[in-house]
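Notes follow once the structure below has been shown.
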Amino acid sequence: MNTFTISVPASSANIGPGFDSLGLAMDLYLTLTVSENDAWKIKQQSLLLPTCNNYTDHFIYQIAQHTATRYGKELPTCCLTIDSSIPLARGLGSSASAIIAGIELANQCCQLHLSKEEKLQLATKQEGHPDNVGAALFGGLVITNYNDNTSIDICRIDQLNIDMIVFIPQDELKTEAARNVLPDTYSRSHATQAGSVGNVFIAALMNEDYPMAGKMMEKDIFHEPYRTKLIPNYTPIKQKAKELGAYGTAISGAGPTMISFFPKGTGTQSKQKLQEAFPSYNIQQRKMDPTGLRVERK
């Protein structure tokens, strides 16, 4: 087994009305450098990664082991050097990136020859929905449909002519807590209205009608109204971004990070002003990752 590197991007899900179905890959990365070793060894090079005392407790190893076992294979012992620029529990798809990395680790080490579609099925069963894992795997903006836990439909937009800014707070928000505030059911009229907002959002993106897309970003009624109380500075961030010309602002995934779409070329100046307005936040201008999962051999 030659040394190789697995790189998986972060992702922002929902983008407003695309609850559990839209995922946007962005240029923050989880990377694994993998080499053959006499015993399992995991070296972590980022403070953003969770501490782990034993390799068998490491989430990426567990995903890889589960994948290998599923196909009747045994993982060879490896040395993993793991780095990450993806904050944990912030709504930027850190768990989805780890799931894709673990599946690909097994795929490479055990020569499983999995297709992207097979990887997506495995990842979605682990994550529960295909938005983040789909974006991490395919790159771009993915629009997905999970059919009764059996099959996945996926479409992809590979270019957005916008600038993106993310507002990353210091505090974490666990996905489970963000899901617990959502209603168990929606009325037919509620679901119809929410679905129509999502439809117009995607149509506007495809037509590059970004003012309309931004309007729809801020009209979600599937999840955002229930989560606003969990998101620090939710209203001030939206108001300040709009004041600076943002098309729209939404919660990234389950939060607490928020994401804004700005007109192309305005992101750098807007980011500086937003950082001044919200000094406790890590405010970043990010690009869409067009590729998704990458494997490079040395």
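Some points to look at:
- Region 227-298 - percent of accessible surface contributed by carbon and sulfur, probe 1.4 Å: 48 percent
- Computed over the chain, the per-residue total of -39500 (n - 2.57) for DSSP H runs of n ≥ 4 gives a 222 nm mean residue ellipticity of -10500 deg cm²/dmol, rounded to 500.
- On Cα atoms only, tilt of 188-206 relative to the major axis of the chain in degrees: 80 degrees
- Residue among 7, 42, 166 farthest towards the positive dipole end of the chain, charges placed on Cβ: 166
- Given +1 at the Cβ of Lys and Arg, -1 at the Cβ of Asp and Glu and no other charges, the dipole of region 122-171 around its Cα centre is 120 debye to the nearest 20.
- The chain: angle of helix 234-243 to the longest principal axis, Cα-based, in degrees nearest 10: 70 degrees
- Per residue, the chain exposes an accessible area of 46 Å² to a 1.4 Å probe, with every protein chain left in place.
- Dipole moment magnitude, nearest 20 debye, the chain about Cα centre, only Lys, Arg, Asp, Glu C-beta charged: 420 debye
- Each of 111, 143, 65 was scored by the projection of its Cα onto the charge dipole of the chain, and the greatest displacement toward the positive side belongs to 143; charges sit on the C-beta of Lys, Arg, Asp and Glu.
- Computed over region 37-116, relative contact order equals 40 percent, with contacts defined as Cα pairs under 8 Å that lie 6+ residues apart.
- GNM top mover of 86, 251, 221 - the chain, alpha-carbon springs below 10 Å: 221
- Angle between the chain longest axis and helix 116-127 axis [Cα atoms, degrees, rounded to 10]: 80 degrees
- The portion of the accessible surface of region 79-155 made up by carbon and sulfur, rounded to a whole percent, is 44 (1.4 Å probe; DNA, RNA and ligands excluded).
- Taking region 107-170 and dividing mean pair separation by its residue count, relative contact order in percent (alpha carbons under 8 Å, at least six apart): 21 percent
- Value of relative contact order over the chain, rounded to a whole percent, pairs C-alpha under 8 Å and six or more apart: 26 percent
- Gap separating the Cα centres of region 181-230 and region 85-163, nearest whole Å: 22 Å
- Phi to ³J(HN,Hα) by Karplus 6.51 cos²θ - 1.76 cosθ + 1.60 over region 45-57, Hz, x for Gly, Pro: 10, 9, 6, 6, 8, x, 6, 8, 7, 9, 4, 5, 8
The values are calculated or read from the model by the stated rules, or taken from the named source; none is laboratory data. Bear in mind the structure is a predicted one, so any value in this text is a computation, not a measurement. Every residue, glycine among them, receives a Cβ derived from its backbone with ideal geometry; neighbour counts consider all protein chains shown. Each accessible area value is taken on the protein alone, full model and side chains, heavy atoms only, with ligands, DNA and RNA left out. Shrake-Rupley method; radii C 1.70, N 1.55, O 1.52, S 1.80 Å.
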